[in-house]
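Notes for the one structure printed next.
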Amino acid sequence: MKKIVIFASGSGSNAETITKYFKDKNVEISLFLTNNPNAYIIERAKILNIPCKIFNKEDFYSTNAISDILININPDLIILAGFLWLFPEKILRLFPNRVINIHPALLPKYGGKGMYGDKVHKAVIENGEKESGISIHYVNEKYDEGSIIYQAKCNIIANDTPETLAQKIHVLEYNYFPEVIEGVLDGKF
Ligand code: GAR
């Protein structure tokens, strides 16, 4: 049985979609982890019956609390699904090529520190882009700069707003992210 853990900082709708996708497959969603004690992913974890660990900055950056949990699980993949903190290099070194992020734009554009969620969609619209999309990529020590695994695009029309673009991006995420994760687990990327 392959194992996945998912980090998220907010709603966790991707975490839920991924969990449901793998429900009757030979993949266990071992744990959700969040840095945000108010994140809705905590409620989703209860409903989905997935254990959920809430952690703080000290746990993550100054102690081995989170790396010890991960070493104990030994996941095949660590998924960042709307996780907003920089992933520590010391944990990356423990899991080379096993940490994957989704970003709601076509990297290398509109990435980097502070570019998340609606801030990304607002910048894309303000710049008059005609298309946006999702980028699924390996994580390295810099925000949104690891090598790209998969991208999918959507068109932007004249009266799109950050909210309508966010909806289009979520549709792409729900359609492609679980399948790409499965492909990576199967060694297809
Ligand atoms: C997703 O759109 C994801 O691409 C984005 O946050 C959203 C989380 O939604 N991630 C980033 O912006 C990372 N820089 P969710 O919590 O409902 O899955």
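Where a number appears in this text, it was derived from the coordinates with a stated rule and is not lab data. Bear in mind that the values here come from a model prediction, so they are computed numbers and not experimental data. In this analysis, Cβ positions are derived from the backbone assuming ideal geometry, glycine residues included, and neighbour counts consider all displayed protein chains.
A compact table of results
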{"quantity": "Percent breakdown of C-alpha pair distances by 10 Å bin, ordered from the shortest bin, for the stretch 40-94", "calculated": "19, 54, 26, 1"}
{"quantity": "For the stretch 102-189, convex hull of alpha carbons as volume per residue, Å³", "calculated": "80 Å³"}
{"quantity": "Taking the C-alpha atoms of the chain, convex hull volume expressed per residue in Å³", "calculated": "110 Å³"}
{"quantity": "At most 10 other Cβ within 10 Å, DSSP loop - trypsin sites (Lys or Arg not before Pro), the stretch 90-179", "calculated": "K113, K130"}
{"quantity": "Cα-projected label distance for E145 with E58, points at 7 Å along beta-carbon direction, nm", "calculated": "3.1 nm"}
{"quantity": "Inter-label distance for K113 and N127, nm, one decimal - labels placed 7 Å from Cα along Cα-to-Cβ", "calculated": "1.9 nm"}
{"quantity": "Net charge dipole size for the stretch 14-114 [Lys, Arg +1 and Asp, Glu -1 on Cβ; Debye, nearest 20]", "calculated": "240 debye"}
{"quantity": "Neighbour cut-off at most 16 other Cβ (10 Å), DSSP loop, chymotrypsin sites (Phe, Trp or Tyr not before Pro), the stretch 78-156", "calculated": "W85"}
{"quantity": "Loop-resident sites, the stretch 1-63, for trypsin sites (Lys or Arg not before Pro), counting at most 15 other Cβ within 10 Å (DSSP)", "calculated": "K23, K25"}
{"quantity": "Separation between Cα centres of the stretch 56-109 and the stretch 110-175, rounded to whole Å", "calculated": "20 Å"}
{"quantity": "The stretch 26-98 - percent relative contact order, Cα under 8 Å, separation 6 or more", "calculated": "26 percent"}
{"quantity": "Mean shadow area of the stretch 1-113, taken as a quarter of the surface of its Cα convex hull (nm²)", "calculated": "7.2 nm²"}
{"quantity": "Percent RCO, i.e. relative contact order, over the chain, from Cα pairs under 8 Å lying at least 6 residues apart", "calculated": "19 percent"}
{"quantity": "Helical mean residue ellipticity (222 nm; -39500 (n - 2.57) per DSSP H run of 4+; nearest 500) of the chain", "calculated": "-10500 deg cm²/dmol"}
{"quantity": "Inter-label distance, nm, simple model (7 Å from Cα along the C-beta direction), N72/K2", "calculated": "2.5 nm"}
